1. Using the structure shown, decide if residue 176 is surrounded by fewer than 17 Cβ atoms within 10 Å (Cβ to Cβ) and modelled with pLDDT under 95.
2. Is the range 59-69 home to any residue that is surrounded by 15 or more Cβ atoms within 10 Å (Cβ to Cβ) and more than 23 Å from residue 136 (Cα to Cα)?
3. How many residues are closer than 17 Å to residue 160 by Cα and surrounded by 15 or more Cβ atoms within 10 Å (Cβ to Cβ) if we restrict to the range 97-127?
4. Residues of the range 102-126 being over 14 Å from the mean Cα position of the chain (by Cα) and outside any strand (DSSP E or B), which ones?
5. For the range 136-150, does any single residue satisfy the condition of being surrounded by fewer than 16 Cβ atoms within 10 Å (Cβ to Cβ) and free of Cβ contacts under 8 Å to residues at least 24 places away in the same chain?
6. Please go through the range 127-142 and give me each residue that is assigned to a loop (DSSP other than H, G, I, E, B) and either within 17 Å of residue 93 (Cα to Cα) or more than 19 Å from the chain's Cα centre (by Cα) (or both), ordered by number.
7. How many of the residues in the range 69-101 are touching a residue at least 40 places away in the same chain (Cβ under 8 Å) and not in a loop (DSSP other than H, G, I, E, B)?
Amino acid sequence: MTTTIRRPHPVLIPMCVILALMPSATASAAAHTVDAPGMSPAVSVAGAPVSEDAPGHPWLWPVSEAREVLEPYRAPAHDYGPGHRGMDIAAQPGADVLAPAAGVVAFRGVVVDRPLLTIAHGDGYVTTLEPVVSGLAPGVAVTAGMTVGTVSAGGHAVRGSLHVGVRIDGAYVNPRGLFGTAERAVLLPCCEG
């Protein structure tokens, strides 16, 4: 009598490993943003506000032009879901891009069709700016407000905008709260009479 040993299908083993390594939906849902009327938008990870804990908080806007958010952050429902993992701000092509906080250049290069620059600020905070052309090499230390490149073209950001993405310990967060309080709306009378 012979015994037959059945081996699992070779595709099933890698799929089991991938599924075991994927973060659960509840963990990704725990990272969210907090926006309350009358308060500045806060960045939070797992429900705890962290914007004031950021190195160099409040951060400087990465452009010296008017501060206008053209496309806000939209959290995805899960790690691989649609959303907008950052904010797009008004920035004309060729405008100087400034380091929002002190750090070290972690990456400079082209990803798919867009030039980008990534700065590691410490304590798990990492900023990605795109599309940005820069002459800085990875490992170069930058100070807050230092010119790190110029606005270019490419990627999902519309012409005349700069995408600002921020990760804390690898998780994307709403970057708006890192840049100080939001300007308050001023209501003006609409009619005379």
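The values are calculated or read from the model by the stated rules, or taken from the named source; none is laboratory data. What you see is a predicted model; the values in this text were computed from it and never measured. Cβ: placed from backbone, ideal geometry, glycine included. Neighbour counts: every protein chain shown.
1. For residue 176, the condition - surrounded by fewer than 17 Cβ atoms within 10 Å (Cβ to Cβ) and modelled with pLDDT under 95 - is not met.
2. Looking for residues that are surrounded by 15 or more Cβ atoms within 10 Å (Cβ to Cβ) and more than 23 Å from residue 136 (Cα to Cα), one finds at least one in the range 59-69, hence yes.
3. The qualifying residues number 5.
4. If the condition is that a residue be over 14 Å from the mean Cα position of the chain (by Cα) and outside any strand (DSSP E or B), then 102, 112, 113, 123 are the ones that fit.
5. The answer is no, given that none of the residues of the range 136-150 is surrounded by fewer than 16 Cβ atoms within 10 Å (Cβ to Cβ) and free of Cβ contacts under 8 Å to residues at least 24 places away in the same chain.
6. Within the range 127-142, 131, 134, 135, 136, 137, 139, 140 qualify.
7. 10
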